[in-house]
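Trainee: Got a structure here, written out as structure tokens. Questions coming.
The values are calculated or read from the model by the stated rules, or taken from the named source; none is laboratory data. Treat the numbers as computed from the prediction; the structure is a model and nothing was measured. Ideal geometry is used to build each Cβ from the backbone, glycine not excepted, and the neighbour counts take in all protein chains shown.
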Amino acid sequence: MKIGIPRALGYYNYYPFWFGFFGSLGIEIVLSDKTTKKLVSEGSALVVSETCLPVKIYMGHVLNLLNQKGVDIIYSPSIQSIDHKIYNCSKLRGLPDLVRNVVKKDFLLIEPTLDKSEKNQGLYQYLYESVAPLGITDKKTIKKASKVGWAYQNNFTGMTRDGMHPAEAMETAIKGKVVIKSRKNNYPINIAVLSHGYNLYDNHVSMNIFKKLENLGVKAHVSENLSVEQMNEGLNVLNTSLYWANELEISGAAGSFMTNKNIDGVLTLTAFGCGPDSLMVERITRYAKRLQKPLLNLTVDEHTGEAGFITRIEAFTDMLYRRKRSNIVQNLNKQIKIDSERQEVVYSRDNIVKV
Ligand code: SF4
């Protein structure tokens with residue numbers, strides 16, 4: 001049995017779980033190809049132009065699976081709410097409806113619903129709906145498979161928390177491995193890069209942002225490197241509470257990083273037309289000013305050019321280097337002043353007499 005999973009949206013958060021879960025039930029996963037310009041324009045052609053870039057990309061991946069990968073079963077969950085009254089945006093909630101209505105082909109759409117704000121629509125019901133259309137209905141078997149899924153997902157989370165880049169952690173986790181590395185941070189500049197996983201780890205969307213930062217001598221920190229407790233404290237810093245499903249990873253992480261003195265600046269990457277992001281970034285911007293943390297917000301859509309993107313990142317990084325240098329010089333001057341005042345006291349005539 002083969003199911004097609006689009007390499008987009010939830011893939012970047014939950015793929016290790018799906019890999020373990022479906023794999024242990026003998027279901028082969030076929031992933032769509034990596035995002036390309038062609039794939040984006042094919043996906044964009046299916047939906048109205050106001051739709052956010054990640055959803056357009058998702059549609060392109062669905063087409064890729066159906067047209068290029070020869071799959072006729074697509075797995076497209078509807079994640080309504082991930083905890084009590086913590087919701088996804090309407091586009092993610094209605095994702096399978098959108099797929100069903102715009103992709104004019106014959107295929108089986110597996111569309112389980114997870115809605116933790118509703119009774120009887122929790123995780124096990126979601127998992128049941130994930131495999132029941134394939135004829136797997138034995139609850140014990142499903143529960144056992146979910147344990148395998150969690151083992152993969154927990155390995156992934158453990159490695160990202162330890163500081164591994166999520167893309168590397170994903171590759172390592174699905175090989176069934178856990179690698180813990182000792183990491184020295186010799187980078188002159190540290191910045192927090194905040195966005196949804198599907199924006200950051202899709203290299204076409206983020207235009208290889210991590211590589212670009214690395215080349216500029218910048219260490220990028222992401223929300224996956226933080227613990228839930230740290231992000232909850234971050235929400236308090238921003239004086240907000242959870243409403244959106246990704247709010248912990250964006251607002252919570254922002255609050256945590258903005259109060260960390262080792263973080264020199266914050267970079268947010270948002271998709272044009274994203275409602276939740278516009279609200280979250282507005283709050284982050286206000287608090288960045290209050291906490292005097294430099295902030296750069298980059299907005300992307302399918303027309304964003306790489307040259308302008310790089311220029312803004314370079315300018316931001318230059319500013320952080322200058323700011324850091326001037327802080328070092330100021331601190332040095334302060335220290336020299338204190339030292340010379342001390343020397344004046346030590347070597348003043350009175351002190352010499354006293355000595
Ligand atoms: S959260 Fe924003 S970027 Fe993500 S799917 Fe919803 S509208 Fe699009």
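Trainee: Being surrounded by fewer than 17 Cβ atoms within 10 Å (Cβ to Cβ), β-branched (Val, Ile, Thr) and in contact with a Phe, Trp or Tyr (Cβ under 9 Å, 6 or more places away or on another chain) narrows it down to one residue among Thr137, Thr141; which is it?
Mentor: Only one candidate qualifies: Thr137.
Trainee: So which residues in the stretch 270-305 are among the acidic types (Asp, Glu) and outside any helix (DSSP H, G or I)?
Mentor: Listed by number, the residues that qualify are Asp301, Glu302.
Trainee: Somewhere in the stretch 51-73, is a residue outside any loop (DSSP other than H, G, I, E, B) and farther than 27 Å from Met207 by Cα?
Mentor: Yes, the stretch 51-73 has at least one match.
Trainee: Hey, any hits in the stretch 111-120 for a residue that's surrounded by 14 or more Cβ atoms within 10 Å (Cβ to Cβ), without any contact (Cβ under 8 Å) to a residue 40 or more places away in the chain and within 16 Å of the ligand (Cβ to nearest atom)?
Mentor: Yes: the stretch 111-120 contains one or more residues that are surrounded by 14 or more Cβ atoms within 10 Å (Cβ to Cβ), without any contact (Cβ under 8 Å) to a residue 40 or more places away in the chain and within 16 Å of the ligand (Cβ to nearest atom).
Trainee: For Leu267, indicate whether it is in contact with a Ser or Thr (Cβ under 7 Å, 6 or more places away or on another chain), buried (at least 17 other Cβ atoms within 10 Å of the Cβ) and at pLDDT 95 or above. Spell out the reasoning first.
Mentor: On the way: in contact with a Ser or Thr (Cβ under 7 Å, 6 or more places away or on another chain): no; buried (at least 17 other Cβ atoms within 10 Å of the Cβ): yes; at pLDDT 95 or above: yes.
In short, no.
Trainee: Return the residues of the stretch 24-40 that are in a helix (DSSP H, G or I), away from the ligand (no atom under 16 Å from the Cβ) and under 20 Å from Leu92 (Cα atoms); say none if nothing qualifies. Give the steps one after another, and end with the answer.
Mentor: Of all residues in the stretch 24-40, those in a helix (DSSP H, G or I) come to 24, 37-40.
Subsequent filtering for residues that are away from the ligand (no atom under 16 Å from the Cβ) retains 24, 37-39.
Scanning the stretch 24-40 gives a single hit, Leu39.
Trainee: Can I ask one more? Hey, can you tell me all the residues within the stretch 272-292 that are more than 16 Å from the ligand (Cβ to nearest atom), surrounded by 18 or more Cβ atoms within 10 Å (Cβ to Cβ) and within 25 Å of Leu216 (Cα to Cα)?
Mentor: Scanning the stretch 272-292 gives a single hit, Ala288.
Trainee: Show the residue pairs that are 6+ apart or on different chains and have beta-carbon atoms under 7 Å apart, the first residue being within the stretch 165-176 and over 18 Å from Gly23 (Cβ atoms) and outside the structural domain of Asn203 (by TED's automatic domain parsing), the second being of a type in the set (D, E, K, R) and crowded, with 17+ Cβ neighbours inside 10 Å.
Mentor: Pairs found: Pro166/Glu224.
Trainee: Restricting to the stretch 74-110, what's the tally of residues that are within 16 Å of the ligand (Cβ to nearest atom) and assigned to a loop (DSSP other than H, G, I, E, B)?
Mentor: Adding up the residues that qualify gives 5.
Trainee: Anything in the stretch 266-306 that is closer than 25 Å to Tyr321 by Cα and of a type in the set (Lys, Arg)? List them, or say none.
Mentor: Hits for the stretch 266-306 are Arg286, Lys289, Arg290, Lys293.
Trainee: State all residues of the stretch 225-246 that are part of a helix (DSSP H, G or I) and surrounded by fewer than 22 Cβ atoms within 10 Å (Cβ to Cβ); if no residue qualifies, say none.
Mentor: Asn225, Val228, Glu229, Gln230, Asn232, Glu233, Leu235, Asn236, Val237
Trainee: Restricting the search to the stretch 31-55, which residues are of a type outside the set (A, V, I, L, M), closer than 22 Å to Thr270 by Cβ, buried (at least 19 other Cβ atoms within 10 Å of the Cβ) and free of Cβ contacts under 8 Å to residues at least 60 places away in the same chain?
Mentor: Within the stretch 31-55, Gly43 is the sole residue that qualifies.
Trainee: If you don't mind, another one. Which one of Leu296, Leu235, Leu269 is more than 16 Å from the ligand (Cβ to nearest atom), aliphatic (A, V, I, L, M), touching a residue at least 12 places away in the same chain (Cβ under 8 Å) and more than 20 Å from Ile82 (Cβ to Cβ)?
Mentor: Leu296
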